[in-house]
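The values are calculated or read from the model by the stated rules, or taken from the named source; none is laboratory data. Everything numeric in this text was worked out from a predicted model, so none of it was measured. Every residue, glycine as well, gets a Cβ built from its backbone with ideal geometry; the counts of neighbours run over all protein chains shown. Only protein heavy atoms, including side chains, enter the accessible area calculation; ligands, DNA and RNA are left aside. Shrake-Rupley method; radii C 1.70, N 1.55, O 1.52, S 1.80 Å.
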Amino acid sequence: MQRITLLVLVLFSQVIFSSIKITETEKLAATCKVWGFLKYYHPKVANGDFNWDQQLLDILPKIEKAQTQKEYALILENWIDDLGPVKEIAPIAKPKDVEYFDKNFDLSWINSNKLFSKNLSKKLKFIEQNRFQGEPFYVYTLEGGGNIGLKNESNKHPDFTDKNSKLRMVFMYWNLVEYFFPDKYLMDQKWDITLEKTIPLAIKAENQDDFYLAMRKMVSRIDDSHTEFFTYSSLTTPKTRNFFPAHGKIIDEKLVITEILADSLAQADDIKVGTIITKINDKTIREIIAENRDLICASNEPKYLDKLAEKILRSYTDDLVKVEFFQNENYVTKTMTWYDYHDSHRNEFKKGARKKKEKFKLLENNIGYVNMGIIDRKNIPDMIEALKNTKAIIFDMRNYPKGTFEPIGNFLNPQEKKFAIYTLPDLTYPGRCIWSSGASIGFDNKDYYKGKAVLLLDEKTQSQAEWTAMCFQTSGNTTIVGSQTAGADGNISIFDFEGFNTQFSGIGVFYPDKRETQRIGIVPDIEAKQTIKGIQEGRDEVLDRALLFVESGK
């Protein structure tokens, strides 16, 4: 009786599997995952034996015709069989002295996808167990960096009138992130869901601009401050960029001017440091913040606002821009002419606009100050000689340093210390990462700096700046003053296509105790932020807080 019941259940499940209708997005999302898996895992595909893009374009019309799970699974089974037999080499021995980082790694979909038959799942699992072990055809690791680069990958525009050609581009990028973005596990939205939301947008896109807008929205979901998305040869966007004559910072849903870039232009419209912008072309800053959330990629909110402020203050469409200011307790609207002074008219409009900044200097009360954004390695010996006897040195890293971490790190540390470890892609098991030995700084140095080291950080502290901060923290006498940093550390992987250029953080960066830095950034010991009032009064409130700490210890 039990055998009869079991047989009935098996037959019933087969009937259900063969008759349930499936949606287009379900089919395409599953096909994307299988195509990408085979691209990096199947010995003959990963070796470059097939034109894999063409294989996708050939299989998609068959996928479109599949009406049931059974029909769909059978198409994929036959596709895999047509690739030829996979030689059994399992078990593949784990390399000696390798520690895996597996927070990104998940091939459970092979067995859990509701569209797959047991036979299809079995075939995919066998390929995983007997995966390609040679030099990959499509990716490589950059020498000295560990992050990946692309090779033998088509960089051509898709045919914007062909649904499957557009899907090929979406599938390529999705799998690139799926297998080689080290911080995938930290995304706010699961990458599978992003794929499901992108597929209909890509299909619907009728032209180049619409398609790359869908791609931009997809890219923005990886939540990585390193990531940018630039399009080429847009149908509607002119090449000329016009700029507001100043830098600004978004505070309390207002855009406050922090630095004048073109003094003659700024004077013409009575723009000063501390000037508040409330609207651009009749949109409030709050509205602009909301409408750009799925267009700008950032690890955290401070960096998103930093990137957005830069975007707001440039225009690709009009020379004339309507700007509302809040001045003298009143709202004033001006129609401004923005220019491309960053390029061809640089000298014409920037006469004396930006004061020359000192690389290092001695402040009152025997406190040193170093601007890490402009000091070069060649300046370090002079800086050390001038500031070695101070009671504190303030290193301002609200900028991008110029590769000076080593000589300064050696100056701060009495002995060698490890300050960072990394996760690197394992090309023999795509999707998995391995822990590296990391990086150290310092040596046995009796002449190390005995005073306090204070680092000034904020959302402009990104990548090398964050890594440098980690390096300086090893001294044991370092205090960080400021606010959340950009949360994007490590080398970047850059991908250049005919239609767009993008990039992402290529390796995972951690403290030696495996604390994360991605998205979190470097956490300040003392939080301090600029306010609108402070900017208008010409005060650097972060520096002021650091000076207070040096004097009071609090």
So Phe132, is it outside any loop (DSSP other than H, G, I, E, B) and either charged (D, E, K, R) or open to solvent by 20 Å² or more (accessible area, probe 1.4 Å) (or both): no
Leading residue by the ranking (farthest from Gln536 (Cα to Cα)) among those in the stretch 258-270 that are open to solvent by less than 10 Å² (accessible area, probe 1.4 Å) and in a loop (DSSP other than H, G, I, E, B): Ala262
Number of positions in the stretch 521-552 that are open to solvent by 40 Å² or more (accessible area, probe 1.4 Å), without any contact (Cβ under 8 Å) to a residue 60 or more places away in the chain and of a type in the set (A, V, I, L, M): 2
Which listed residue, of Leu107, Leu83, Leu76, Leu115, is in contact with a His (Cβ under 9 Å, 6 or more places away or on another chain) and open to solvent by less than 70 Å² (accessible area, probe 1.4 Å): Leu83
All positions within the stretch 278-323 that are within 18 Å of Asp223 (Cβ to Cβ) and either of a type in the set (A, V, I, L, M) or part of a strand (DSSP E or B) (or both): Ile289, Ala290, Leu295, Ile296, Ala298, Leu305, Leu308
Matching option when the condition is farther than 30 Å from Ala93 by Cα and either open to solvent by less than 20 Å² (accessible area, probe 1.4 Å) or of a type outside the set (A, V, I, L, M, F, W, C) (or both), among Pro401, Pro430: Pro401
Scope the stretch 186-202; condition open to solvent by 10 Å² or more (accessible area, probe 1.4 Å), touching a helix residue (DSSP H, G or I) at 6+ places or on another chain (Cβ under 9 Å) and in contact (Cβ under 8 Å) with a residue 60 or more places away in the chain; matching residues: Asp192, Glu196, Pro200
Scope the stretch 194-212; condition among the hydrophobic types (A, V, I, L, M, F, W, C) and out of contact with any Ser or Thr (no Cβ under 7 Å at 6 or more places or on another chain); matching residues: Leu195, Leu201, Ala202, Ile203, Ala205, Phe211
Residue check for Leu213: in contact with a Phe, Trp or Tyr (Cβ under 6 Å, 6 or more places away or on another chain) and either under 24 Å from Val321 (Cα atoms) or buried (at least 19 other Cβ atoms within 10 Å of the Cβ) (or both): no
From Asp252, Asp270, residue being touching a Phe, Trp or Tyr at 6+ places or on another chain (Cβ under 9 Å) and acidic (Asp, Glu): Asp270
